[in-house]
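The values are calculated or read from the model by the stated rules, or taken from the named source; none is laboratory data. What you see is a predicted model, and the numbers here were worked out from it, not measured in a lab. As a convention, Cβ positions derive from the backbone with ideal geometry for all residues, glycine included, and neighbour counts pool all protein chains shown.
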Amino acid sequence: MRKRDPRPVMVIDEGTCQLIGEAKGNEFDGVQEPLPDAMRVLLCLIDGAERRHRLVRKWQSQAAHDLHVEVEGGDIMVTLPGTSYAVTYYKLANSPQLHGRHLPDQVDRRSPISQAAFVGKAWKLANDKARELGWIG
């Protein structure tokens, strides 16, 4: 039989606590001492990592649809509306691939994605558009 811990028991209002696999109760049989500092730091790190992961996934899913692609003459321009991010891609006559010019040279704090992420997504969209137009294989 389990010995009862002599330390104080935390009391919760009637019917507000339900432990998995048990009926509702008004007592929480646990230690009320604060967590060790190392445990608190780990919990904060985990919480921060989970939050960052959710935000990055949200921004990446939104940003892929927010990029605007426009073809004008021999240029493919990709922009991220609401930011200063814009890049122009073109194909040289004897080149099998696209080349970029007017790449963003400053970080735009209004952007939901990094400057590098924008350039990478823009490159992919421009190449997809160039294939669609038959400019590259």
Sort out which residues of the stretch 113-135 are within 27 Å of R54 (Cα to Cα) and touching a residue at least 12 places away in the same chain (Cβ under 8 Å), and write them in order of number. I113, Q115, A117, F118, V119, K121, A122, W123, L125
Would you please name the residue that is modelled with the lowest pLDDT, looking only at residues in the stretch 49-104 that are of a type in the set (D, E) and more than 13 Å from F118 (Cβ to Cβ)? E50
